[in-house]
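What follows is a set of notes on a single structure, which appears directly below.
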Amino acid sequence: MDQPTFPIALFDAPAIQRVAGMYAALPRSQQRIADYVLRHAFDVATASIEELAQAAKVSIATANRFARALGYSSYPDFRADLLQVFKTALEPVEKLRDIKPGTRLHDTLLAVIAQSVDNLQATRSLSNADAHEHFVLALRQSERVYIVGFGSSAFLASSAAYHLGLYCPNVHSIGGEGGAEQAVRRMNQLTAQDLVFGISFPRYSADTVRLLHFAQQRGAVVAALTDAPTSPLVQLAQHVLYAKANSALLSSSNVAALTVLEALGAMLAQGQSNALAQARDLAEQLMPYFYFGRADAQRITPAASSKRKQ
């Protein structure tokens, strides 16, 4: 049988190279395992030896011999090597695997709260006064602000637009509807007077990285909110803010990031001559939508009343 094909993106992974290199020398029963590994590497990275043996229709002993034929001491060592290929993507899966049976739901809640507190404290330690001052100044000087966030960071982008929009009148949250293609269309007229603010945390969005690179090429000011200096966003950004995002169960936590975005809104308001007038005007405009008591629940706005008569 010809050597099976597999996704080219996996070719450089050591575990895949071993399987491909040894394929021809393996016994037929082990080639069946190799076939399955090369075609379903992601599934194998998350599978137990029993699950792999069942999927490849071989015995558990054959699966163990397969791993040893590749030079591993055991199947778990082979799986651990293969797992490195998908480490970032599979991190939440592995965290869930570590939850002990019988763990109380309340204990999980307390663990998440404790992790959030740790993230907030770490974010406070990472904060840099000059970085925040320079970023807020750049926001104030920009003609347009484009906020980019995909996946789990999409709602963070919406939150950023909410907090910045009152004091940066030309704010656009992009990356939601229409995805990256629509985002490029909206950013096509970027100039050096515009600012692109990318938000991404593990697992980092490839589209966010590409769009920040696009903004950099167009000469726009590039800023980022991310978790660590090793983030792919850092090398593209002139202004970088950090929010610790460790999570006991998920790929990342957004608590600290939301806090930083809320603080940005407060920092933009600070020292702005018309901030008080804007806040007062907004409160007045929103007054009809606030709930003030039991009597308010029976109140019908003129707009609602007119609709009922129609």
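The values are calculated or read from the model by the stated rules, or taken from the named source; none is laboratory data. Because the structure is a prediction, the values reported are computed rather than measured. All Cβ positions, glycine included, derive from the backbone under ideal geometry; neighbour counts span all protein chains shown. Note: areas computed on protein heavy atoms with side chains; ligands, DNA, RNA excluded. Shrake-Rupley method; radii C 1.70, N 1.55, O 1.52, S 1.80 Å.
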Rolling a 1.4 angstrom probe over the protein chains, ignoring ligands and nucleic acids, what is the accessible area of residue 60 in square angstrom, nearest 10? 80 Å²
Per q in 0.16 Å⁻¹, report the Debye log10 I(q)/I(0) for the stretch 119-228, using one uniform scatterer on each alpha carbon and no solvent. -0.69
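What full-extension length gain, to one decimal in nm, is calculated for residue 43 and residue 104 as 0.36 nm per residue of separation minus the Cα-Cα distance? Provide the component values of the computation, followed by the final result.
Values: separation 61, 0.36 × 61 = 21.96 nm, distance 2.92 nm.
Full extension of this stretch gives 19.0 nm more.
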Which FRET efficiency value, to the nearest 0.05, do you get for residue 270 and residue 203 by plugging their Cβ-Cβ distance into 1/(1 + (r/R0)^6) with R0 = 30 Å? 0.30
Using modelled amide H (1.01 Å from N, peptide plane; none on Pro or chain starts), what sits under 5 Å from the amide H of residue 146, excluding residues fewer than 5 places away? 172, 195, 196, 197
Just from the alpha-carbon atoms, what are the Rg and Dmax of the stretch 15-174 in angstroms? 24.2, 68
For the pair residue 249 and residue 130, how long in nm is the line joining their label points, each one 7 Å along Cα→Cβ? 4.1 nm
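Heavy atoms only, 1.4 Å probe, whole protein assembly: order 103, 62 by accessible area, highest first.
Working: 103 60, 62 10 Å².
Result of the area sort, largest leading: 103, 62.
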Applied in sequence order to the stretch 241-257, the curve 6.51 cos²θ - 1.76 cosθ + 1.60 (Karplus, θ = phi - 60°) yields integer Hz couplings, x standing for Gly and Pro, of 10, 10, 9, 5, 10, 4, 9, 6, 10, 9, 5, 6, 10, 9, 4, 5, 4
Residue 155 accessible area, 1.4 Å probe, all protein chains in place, Å² to nearest 10: 100 Å²
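Please list 16-29, 245-258, 34-47 highest first by mean number of surrounding beta-carbon atoms within 10 Å per residue.
Details: 16-29: 15.5, 245-258: 20.2, 34-47: 18.6.
Most protected by this proxy first, the peptides run 245-258, 34-47, 16-29.
What length, rounded to one decimal in nm, is gained on full extension from residue 17 through to residue 286, with 0.36 nm per residue of separation minus their alpha-carbon distance?
Values: separation 269, 0.36 × 269 = 96.84 nm, distance 6.16 nm.
Value of the extension gain: 90.7 nm.
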Of the listed peptides 194-204, 118-128, what is their order by residue-averaged count of other C-beta atoms within 10 Å, with the highest listed first? 194-204, 118-128
